[in-house]
């Protein structure tokens, strides 16, 4: 159940309008009330992360104007209070070295665009379950 | 009267005879059968230097030359036999001064008185002359023998001929060249042996005879006993008789057939070397290392725009023509060779053309002979104008740079394709989806069909872009080289495919381990197997992964299927990107890039890939790695 993290927003860093709409629609389809916090560029995402709110999860595009997805990922995983936040990279790159790089930097999952709603939701659900139900990441 | 006469005769006889006896310059004597002189005339004293008394005092044998004593006694004994009236012989006496005198004797025996009477002539001069003659004759005989041996053993043909073209003598070599022995040639006309050349020979003979001068080095050919054409070189020398006339001559001929052949083959060889040098536009040089003198051929000179005589043919002036920046390097390289550190000299350098431009020359040479101190005597080498190669090299470098730039552009393009192109594409895809979701009430079935088609096409385009990107990445970066067990790779590939009971994939024999890029070879097998499954309409899809050895012992790997097969005319086309030989939507609607990846991976592994196929029966893809 996604709901269990409803008090913490899910940070979506995505510059493409269409991709963001896809994400919104996917969450709507999951019928899970979940607050999405959308940043459409790296800089605003960094600002958000520097604030007091710790997101329940980060859905991260790599190819962003300004600060890149890698930099954000690196920041999350090297910041004490953010380190445990699951990061799902959502990118169109099929390049293995790109994917490897993400995992090296500490990404928890990688979803390649484009993807259909069903698969997208199933993946996110799995990640959430693992971290919050199996790995008992404190909410 | 008669009596008087008789008396007077008698008295003449006694006293006159005695006078005659003593006056005669001939040597006369009587001797006893005991071997003593009884009477000797005065001539004896002069001839032998002894007094008559001295001569009478000893047996006459004592005065005879030791070697002649027995013979003299033997001769004398003959007189005691009935049938000998007188004897003639020559023997030697020893004079008082020890010298030898030859005496020619006539002797007879007065049997009643038992007295030997004899006269002797001093024949010393004659005998000594005879002896000398004999000596000379012996010497001559000896010389003749030596000459004969020489004539018979010398390889030259010797003919002794008269002025009528007749052979008086031919030596063994001459005769056997015609399959004869010398006797068979002597006295015969030249025509009998050399019917065709006799005329020519005779006219040569006549020149020698008439001019009384030798003719040397006449080269002629003739047909020998075995019918072979042979070359001879002949010296003809006149023989002068006492009157200073020339009636005879000696012809000494040498078989020079082999020399001719050798000379011809050397000439041929030189000619072909020349042709080669000329054909390859190679200049040739020779160097006398110790004097520095050089020989530069026409091509060498013309390469640099010079003619014979315009360049001093010595090492210093040639080195002068080398570009100052190259000189040091070239000389060091040459020294390296001369000192035996390199098997030959090879250097590329610039040389000054007569027109002032610099020409790139490739010089290859070596020392071909050394003296006793291992110092070089002679060197040879070739010059090649490589200016055009240098230009080509520069052009190549330029085009390489261009290629690098265009590769970079291609990379950039790939980057654009991967990110910037795909994003709007995805947008189209999403929007078509959203449209379908949000407005499904307003759109009829036909419209929905069109939207679905739009979604399908955008997905397809996305896949194409993906493949393009993958392909561009395949060629980039290092290719991994590690020993890999192909069995493991093949099993990995099989396991990664979703299980389908229709499909049976087997590894038919143990695959070899090869050095390769594991990940890429995995991709290769995956693509081949996926293709084998995709292009197959059989009830039971059978795929075989295997290997075999080529005749050279190289590993040939293959993936065999029982699919639809490929027409031979398409064998080349199938490896091109996005090239499909079946309709787009048939057989799962692939992008047609799988085999292109395969080909690229094979190229990266410097291998070969080829197809064996029969329509409707199946296809085998065979490939090798690392054979280029």
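The values are calculated or read from the model by the stated rules, or taken from the named source; none is laboratory data. These figures come from a predicted structure and were not determined experimentally. So basically every Cβ, Gly included, is an ideal-geometry build from the backbone, and we count neighbours across all protein chains shown.
Brief remarks follow.
- Of B:299, B:256, all but one fail to be under 24 Å from residue B:387 (Cβ atoms) and surrounded by 12 or more Cβ atoms within 10 Å (Cβ to Cβ); the exception is B:299.
- Residues of the stretch A:58-98 that are surrounded by 17 or more Cβ atoms within 10 Å (Cβ to Cβ) and over 24 Å from residue A:8 (Cβ atoms): A:63, A:92, A:93, A:94, A:98.
- Checked against (1) assigned by TED's automatic domain parsing to the domain that holds residue B:604; (2) surrounded by fewer than 19 Cβ atoms within 10 Å (Cβ to Cβ); (3) over 54 Å from the mean Cα position of the chain (by Cα), residue B:536 passes all but a single condition, namely (2).
- Some residue of the stretch B:349-366 being more than 18 Å from residue B:385 (Cβ to Cβ), assigned by TED's automatic domain parsing to the domain that holds residue B:307 and at pLDDT below 95: yes
- Qualifying residue in the stretch B:127-148 (condition: surrounded by 15 or more Cβ atoms within 10 Å (Cβ to Cβ), outside any strand (DSSP E or B), at pLDDT below 90 and in contact with a strand residue (DSSP E or B) (Cβ under 6 Å, 6 or more places away or on another chain)): yes
- Residue B:182 meets all of the listed conditions (1) touching a strand residue (DSSP E or B) at 6+ places or on another chain (Cβ under 8 Å); (2) at pLDDT 90 or above but one, namely (2).
- Residue match in the stretch B:420-431 (condition: away from chain A (no Cβ under 14 Å), more than 30 Å from residue B:294 (Cβ to Cβ) and part of a helix (DSSP H, G or I)): no
So that you can scan it fast, the table gives a plain yes or no per residue for (1) modelled with pLDDT under 90; (2) outside any loop (DSSP other than H, G, I, E, B); (3) more than 19 Å from residue B:95 (Cβ to Cβ):
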| residue | (1), (2), (3) |
| --- | --- |
| B:13 | yes, yes, yes |
| B:18 | yes, yes, yes |
| B:34 | yes, no, yes |
| B:37 | no, yes, no |
| B:44 | no, yes, no |
| B:55 | no, yes, no |
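- Within this structure, residue B:458 passes the test of being within 14 Å of another protein chain (Cβ to nearest Cβ) and modelled with pLDDT under 90.
- Matching residues in the stretch B:488-506 - criterion: being touching a strand residue (DSSP E or B) at 6+ places or on another chain (Cβ under 6 Å) and buried (at least 16 other Cβ atoms within 10 Å of the Cβ): B:490, B:494, B:503, B:505
Yes or no, residue by residue, for (1) within 27 Å of residue B:480 (Cβ to Cβ); (2) exposed (fewer than 15 other Cβ atoms within 10 Å of the Cβ):
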| site | (1), (2) |
| --- | --- |
| B:519 | yes, yes |
| B:543 | yes, no |
| B:550 | yes, yes |
| B:597 | yes, no |
| B:618 | no, no |
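Yes/no per residue for (1) closer than 25 Å to residue A:96 by Cβ; (2) under 58 Å from the mean Cα position of the chain (by Cα); (3) in contact (Cβ under 8 Å) with a residue 12 or more places away in the chain:
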residue: B:398; (1), (2), (3): no, yes, no
residue: B:403; (1), (2), (3): no, yes, no
residue: B:417; (1), (2), (3): yes, no, yes
residue: B:430; (1), (2), (3): no, no, no
residue: B:440; (1), (2), (3): no, no, no
residue: B:453; (1), (2), (3): no, no, no
residue: B:458; (1), (2), (3): yes, no, yes
residue: B:479; (1), (2), (3): yes, yes, yes
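- At least 2 residues being in contact (Cβ under 8 Å) with a residue 12 or more places away in the chain, in the same structural domain as residue B:167 (by TED's automatic domain parsing) and under 15 Å from residue B:158 (Cα atoms) is the threshold, and among the helices (runs of 4 or more DSSP H) wholly inside the stretch B:181-282 those reaching it are B:182-185, B:190-193, B:198-211.
- Just one residue in the set B:55, B:116, B:109 is free of Cβ contacts under 8 Å to residues at least 24 places away in the same chain and within 17 Å of residue B:39 (Cα to Cα); that residue is B:55.
- Qualifying residue in the stretch B:152-173 (condition: more than 41 Å from the chain's Cα centre (by Cα), in a helix (DSSP H, G or I) and exposed (fewer than 14 other Cβ atoms within 10 Å of the Cβ)): no
- Residue in the stretch B:211-224 that is crowded, with 18+ Cβ neighbours inside 10 Å and in contact with a helix residue (DSSP H, G or I) (Cβ under 7 Å, 6 or more places away or on another chain) present: no
- Residue A:42 vs. criteria closer than 29 Å to residue A:136 by Cβ, crowded, with 22+ Cβ neighbours inside 10 Å and modelled with pLDDT of 90 or more: no
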